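Everything on this sheet refers to the single structure shown next.
Laboratory data are not the source of any read-out in this text; all were calculated from the coordinates shown. Keep in mind that this is a model prediction, so the values were computed, not measured. When we count neighbours, we look across all protein chains shown, and the Cβ atoms used for this are built from the backbone with ideal geometry, even at glycine.
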Ligand code: NAD
C-alpha cells in the first residue's frame, strides 16, 4: 500500500481523488457522514523546535465523507536535511543527560497526551475514521505505554568478574532515530518507538503516513517545549520522504511500522548506511478455537479481536480455525455479533466500526470480497456494500472457504474474516503456521494448560491464550518470519535504540 504523493494544493484535485471510489449497492449498516467542515491549514512540521511549513501540500480526506477536509505540509529533502541537522546537534547533549531527566521529559509527554486526549481524539477520528471512543482509548493507551516504558531500568551488566578481569556490558544511544508510521493507529504506533528512542537518549525524526498526518503534527506542536529544541522533529510527507529517511546518512536507526512490501524496501535502503532497523510489519493472525468452548461466550471476544478498528490492526484476528464440533454454532454466534454492530461515521453515537481509512484499502477489500464470492464461499454476515459517500464496509464473515483463497492467504487488513473448519488440532496448527506471516496468534479453550501447549507451537512473536491483542510496556512485541525484525517495548525494545559496548578490563596493573 502506498500513500498519496505530495501535490501543490488544489482543492479540485482532492475532490477528484475522493470521488474516484466505486459506488456500491445499498447495505444494511446504518451510517451517515460527518459535517463537511473545513480544517484547511494550521498544520505545521516541527523542525528544530519551530513550526515549519513546505512549498508542497498533502490533501487529507475524511474517510467518512470521502472529501478533503484539511491539508498538511509535505516535506521535501531540504526540510529533512534541516531536521536531521537539528536532531544531530540536539542528540549530542541529550545523550549525555541522565535517564532520570529523560524519564521526566517522557512524563511531560504522558501529561500532554492525557491533557489533550479529547481534542487529539477528535482529530484522529476525523482523519482516521475510527469511533471517537476508540480514538480516546488509543491516546490513553499510548500514554500508559509511554509511562510504563520510561520506568524500565537500563543498567550496565557485569558479564564476568574474577581476580584477573572485569567485563561489563553497557548500552549507549545510537544517535538519531527515524520513525515511520502507518495510518491505522498513528498515535499509538508513534508513541512506542518515540518513547523508546527518546528515553534511551536519541533524537528523533517522526514521519506519519500521508493518509493520517494531522494528529501526529498536532502532537508535535504540543510537545514543542516538552523536549529540548531539536530532540523531537516531526515531518509530514509522502512515501518518498520515508525513502529519503531510510537512505539518509545522518539517521542511525529506522523504526518502521507498515506493510511487509515497504518493510523489505526499508531494509534494503537502510543497508546502504548499515542503519539499525526495527520492522513491525503485517500479520495474518490465526485464532484456533478448541472443541470445548461455549461458542456464545467466546464469540463477542473473538469478534472484537477481529473487527476492532474495522479490522485495520496488524495483530487483529485474521483467520479463525474452529473445531468441527462447534463450527456451526460459532459461525452463527459470530454472524449475530456482526449483524448487531453499528457501522458509521466515527463521530456518531453508538457507532462501533468506522469506515475503511482510505480508498486504496477500500478497493483492495472489495477485490477480496469479489474473489471470495467467485470461489463460492458462504457469506454469513455483511458482504453488501452501502452506497457512498464514505469508505464503509460492513463486518463480513465468510464460512466454507477454500484454504488457498486470497482471503485466507493474504493479510486483508479490513472487516472481512474467514472461519475455517478443522477436525484434528495438529492440522489446525499446521494450517495456522502455513504462512509467510508470523506476528501473533491465539488459542481459545476452557482448558488453559491444553491451550497454552498448543499456543507454544504457533510460529509467531506473541501467542495468546483466551485473549488477543494484549500488549504491555514491559513485554516485547514484534513479528516472526516476514512480520518483522526486532521487538518494540520491554527492555529488548529499548535496547534496540542503543549500541552495546563491552568494557573489558585486565586488572593487573601495567
Ligand atoms: P505502508 O507500508 O504503505 O506505509 C507505512 C509508512 O511507510 C507510511 O508512512 C509510508 O509513507 C511509508 N513508506 C511507504 N513506502 C516506504 C518506503 N519505501 N520507504 C520508507 N517509507 C515508506 O503501510 P500502511 O498501508 O500505511 O499500513 C498498513 C500495514 O501496516 C499493514 O500491513 C499492517 O499490518 C502494518 N502494521 C503493522 C504493525 C505492527 O506493529 N507489526 C502495526 C500497524 C500496522
Quick one: compute the contact order of the stretch 65-182, relative version, from alpha carbon pairs under 8 angstrom and 6+ residues apart, as a percent. 24 percent
Under the rule of -39500 (n - 2.57) per DSSP H run of 4 or more residues, summed and divided by the residues of the chain, what mean residue ellipticity at 222 nm is obtained, to the nearest 500 deg cm²/dmol? -11000 deg cm²/dmol
Rounded to the nearest 5, what % of the DSSP beta bridges within the stretch 285-465 are antiparallel ones? 10 percent
What ranking do 365, 58, 158, 380 get, fewest neighbouring Cβ atoms within 10 angstrom at the top? 158, 380, 365, 58
Quote the relative contact order of the chain in percent (integer), defining contacts as alpha-carbon pairs under 8 Å separated by 6+ residues. 20 percent
Out of the DSSP beta bridges found with both residues in the chain, what percent are antiparallel (nearest 5)? 45 percent
Gyration tensor over alpha-carbon atoms, the chain, equivalent ellipsoid semi-axes in Å: 38, 31, 18
With a ≥ b ≥ c from the Cα gyration tensor eigenvalues, square-rooted, and the rule rounded for a/c under 1.5, otherwise prolate when a/b > b/c and oblate otherwise, the stretch 285-465 is prolate
